[in-house]
């Protein structure tokens, strides 16, 4: 290390002293999330008819490498169908503790019903609160279970800590 | 040269007390300033959670270190183990007292220094050197190999770089012919002759480098070489004893900054041209010394943000083969100029 090199290095660090910090102060400032980020799952509906896309085929459960998905299917009532197919998922649970957010369920789904969205603030206190049922996953539910509990207790809206780019698969999901 | 009237004893005592408290307060906020500045060097914010803009961080840190479990090894030499950090902090705090911060009688009619020693310069060198005992005894009394190795390295480093320090100071002593810090400030080493400037500049650079090594700052912060030493002589210390060592280190940093300002940059005196703006401005107490100290403290932090740590053998080679020689040349050049030119 010559004296000149040290002086040069000091100049470099000094020039960086006057640049803006790149830190995102997360809870206060929203995080910018990439459009392809894989967060919490959404169960989608057909936007025109409002019927669930999921037909209860269990392919997602079969492909899931961490056995995080449990599906039970039932026949649709022809007068009052819940999904667009013959059958629908009467129980659809995803265990968020086991899930590794690999997105294989999304790839396996023949109807594009399950899509990994952008929500990532899933932390909770008990295991049973981390098993997300249909009511937690269907389109229209915003936020994780904990966020919704907190919002209900405070009487406010769920506040999501991120901003994300558009993604066509997430039709009907409104952040 | 103005001779000062001695202060009454209780005033001196009061001043010493206030100085200690000020130094410790400065240490507390120094940690925040340093962390914030280092963060800005790295495009981060640094501590900004405790209180407005993170300004209460030192209070949180103090509470944390006081209430942490105070561990004492069963194999440790208990008395020495407890005494060692006290030695470190005592030496660090007492060194600062000899530094004059203004003209005589400018502190509400009292003198802005604790003691006006005729050997002020030697006193500071001696007391800061005594601080090595705190480090060495701490490492020895911990009865742990990492602590012992770390303390050996730290004391070897401090003792080695004291040579460079002493030789750089020699140039100033030769020029001024006194070791009274107040007189050194009054004489003003740069105003004597331009022929002295090269030697004094060399002395100032070597003094700055060896001063950085003396206070264990980057790139000479070997005690913090975690990969090799865990935490050096601090390994077995926790809680408030650890905090005392940290305090000693930062207070030593202030002392080094004040010492180099006093020796080479005119101490408490401001630059002459400010008298044209407000008459007597260069005689204001505290302002100029604090400003100069601030510059050096910033330099220490800036160095920490820039330079990597030296390896132990590089540190020793640099100290003995380069710094020592350069400081010697500085002293020789100054001496030659005094002997043959002036």
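Here, each number is a calculation from the coordinates, and none is a lab measurement. Remember, predicted model here, so these are calculated numbers, not experimental data. Don't worry about glycine lacking a Cβ; one is built from the backbone with ideal geometry, like all the others, and counts go over all protein chains shown.
Odds and ends about this structure:
- Normalising by residue count, chain B has a Cα convex hull of 154 Å³ per residue.
- Each residue, residue B:143 and residue B:193, gets one label point 7 Å from its Cα in the Cβ direction; the gap between the two is 6.1 nm.
- Once the Cα atoms are used to define both axes, helix B:9-41 deviates from the longest principal axis of chain B by about 70 degrees.
- Taking the centroid of alpha carbons for each part, the range B:170-243 and the range A:9-35 are 34 Å apart.
- Normalised contact order of chain B, rounded percent, pairs of Cα under 8 Å and 6 or more residues apart: 23 percent
- In the elastic network of chain B, a GNM with C-alpha springs shorter than 10 Å, the most mobile of B:88, B:261, B:106 is B:106.
- Among A:144, A:90, A:15, the residue with the largest mean-square fluctuation in a Gaussian network model of chain A, with springs joining Cα atoms closer than 10 Å, is A:15.
- Between B:278, B:59, B:87, the Gaussian network model of chain B with springs among Cα atoms under 10 angstrom shows the greatest mean-square fluctuation at B:278.
- Taking every alpha-carbon pair under 8 Å whose residues sit at least 6 apart, chain A reaches a relative contact order of 27 percent.
- The angle separating the long axis of helix A:3-17 from the principal Cα axis of greatest extent in chain A is about 50 degrees.
- Folded to 0 to 90 degrees: helix A:145-154 orientation relative to chain A principal axis, Cα: 80 degrees
- Relative contact order of the range B:23-140: 21 percent, from C-alpha pairs under 8 Å at least 6 residues apart in sequence.
- Computed [θ] at 222 nm, deg cm²/dmol, the protein assembly as shown (DSSP H ≥ 4; -39,500 (n - 2.57); rounded to nearest 500): -15500 deg cm²/dmol
- The spacing between the range B:1-79 and the range A:82-142, judged by their C-alpha centroids, is 52 Å.
- The per residue volume of the convex hull around the alpha-carbon atoms of the protein assembly as shown is 228 Å³.
- Estimated distance in nm for a label pair at residue A:77 and residue A:3, the labels positioned 7 Å out from Cα along Cα-to-Cβ: 9.1 nm
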